[in-house]
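The values are calculated or read from the model by the stated rules, or taken from the named source; none is laboratory data. Please read all numbers here as calculations on a predicted model, not as lab measurements. Reconstructed Cβ throughout: ideal geometry from the backbone, glycine too, with neighbour counts over all protein chains shown.
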Amino acid sequence: MQQFFNGLYTVLIGWFYHRKPADFGLYKNEIFNAVGLYTLLVALGLVLVFYFIFNKQAALSQLNWSKPKHWLLVLLLAAGLGALLAYQVSVGQGAVPEAYLRYFIIVNTLVAPLWYLLFSVALKRLPFGSQARSTPF
């Protein structure tokens, strides 16, 4: 899993920023894997909450949370949580706030909704996603 996240983040950050920081080893050994795994779990959790809690529970289903605009709001929440996770974990592990960290935050802000989209497509056909057939498309 660590090689997957190292490759993913190294390639995506490389699209925006071409210099590696002095503490790149810290990113490669600890930060990329931790942030990638947390982001993956948060996206999966948000998909499960959206499809199971918001759309299946009787009290909440009367509020009609199964519309695409509500799915989009949860997608934006995933993006915001992705940015927050990237910042908090990186600074917590001792990364220096510099340009590379900013680009890492931007990339994780894009990766989190991507995971959310992929999990939505994969899990919406399960029985608990029956209320939200039109989300994400």
> Do you know which residues across region 81-113 are touching a residue at least 24 places away in the same chain (Cβ under 8 Å), in a helix (DSSP H, G or I) and not hydrophobic (A, V, I, L, M, F, W, C)?
Replying inline: Gly82, Ser90, Tyr100, Tyr103, Asn108, Thr109, Pro113
> What is the residue count in region 1-24 for residues that are surrounded by 11 or more Cβ atoms within 10 Å (Cβ to Cβ) and within 18 Å of Leu41 (Cα to Cα)?
Replying inline: 6
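Scan region 46-55 for residues that are β-branched (Val, Ile, Thr) and crowded, with 23+ Cβ neighbours inside 10 Å and jot them down.
Residues of region 46-55 β-branched (Val, Ile, Thr): 47, 49, 53.
Matches in region 46-55: Val47 only.
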> Could you say which residue among Ala43, Ala58 is of a type in the set (A, V, I, L, M, F, W, C), at pLDDT 95 or above and either crowded, with 19+ Cβ neighbours inside 10 Å or over 14 Å from Leu123 (Cα atoms) (or both)?
Replying inline: Ala43
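If you go through region 1-30 one residue at a time, how many are over 13 Å from Tyr103 (Cβ atoms) and either in contact with a Leu (Cβ under 7 Å, 6 or more places away or on another chain) or not basic (Lys, Arg) (or both)? Step through it out loud before you land on a result.
Quick first cut of region 1-30, residues over 13 Å from Tyr103 (Cβ atoms) only: 1-8, 22-23, 25-26, 28-30.
Of the ones still in play, those that are also either in contact with a Leu (Cβ under 7 Å, 6 or more places away or on another chain) or not basic (Lys, Arg) (or both) are 1-8, 22-23, 25-26, 29-30.
Here the count works out to 14.
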> Out of (1) at pLDDT below 95; (2) out of contact with any Phe, Trp or Tyr (no Cβ under 7 Å at 6 or more places or on another chain), what's the single condition that is false for Tyr51?
Replying inline: (2)
>> Restricting to region 71-102, and then to whatever is under 15 Å from Lys28 (Cα atoms) and of a type in the set (Ser, Thr, Tyr), can you tell me which residue is modelled with the highest pLDDT?
In response: Ser90
